[in-house]
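Reviewing the structure listed below.
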Amino acid sequence: MVLKRSSKKTLITKHRKHAKDTGSSQVQLAILNERIVELTKHLKKNKKDESSRRGLLKIVAERRAHQKYLAAKKK
């Protein structure tokens, strides 16, 4: 599932560090969280959609990697 451009823009403006920040870990985490929420809603309706379930697991793993990076960076 792909996020709408407007919702992605609002997430970026909300979590960015400076005016041109579009790829920092905080921004990427916010986008990944939103994608996870959307995919979870989709999978509750479509229980047999295994390809989306696999995509969700990949996104969750990617989010976990970003969270580990941020936790290590704070120390």
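The values are calculated or read from the model by the stated rules, or taken from the named source; none is laboratory data. All figures in this text were calculated on a predicted structure; none of them were measured in a lab. Cβ atoms come from the backbone with ideal geometry, glycine included; neighbour counts cover every protein chain shown. Only protein heavy atoms, including side chains, enter the accessible area calculation; ligands, DNA and RNA are left aside. Shrake-Rupley method; radii C 1.70, N 1.55, O 1.52, S 1.80 Å.
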Open item on the list: Loop only by DSSP, 12 or fewer other Cβ within 10 Å of the Cβ. Give me the trypsin sites (Lys or Arg not before Pro) in segment 1-70 that pass, ordered by residue number.
Closed with: K4, K17, K20, K47, K48
TODO: Enter the accessible area per residue of the chain (Å², integer; probe 1.4 Å; all protein chains in place).
DONE: 79
- [ ] Pop out the carbon and sulfur fraction of the accessible area of the chain as a percent, whole number, probe 1.4 Å.
- [x] 54
- [ ] Only helical DSSP H runs with n ≥ 4 go in: add -39500 (n - 2.57) per run for the chain, normalise by residue count and round the 222 nm mean residue ellipticity to 500 deg cm²/dmol.
- [x] -26000 deg cm²/dmol
Open item on the list: Among L43, L32, I59, whose Cα projects farthest towards the positive end of the dipole of segment 29-68, with charges put on the beta-carbon of Lys, Arg (+1) and Asp, Glu (-1)?
Closed with: L43
Open item on the list: Tell me the net charge near G23. Cut-off is 11 Å between Cβ atoms, G23 excluded, with +1 for each Lys or Arg and -1 for each Asp or Glu.
Closed with: +2
Open item on the list: Please list, in order, the residues from segment 5-47 whose amide nitrogen is less than 17 Å from a point placed 7 Å along the Cα→Cβ vector of R53.
Closed with: 39-47
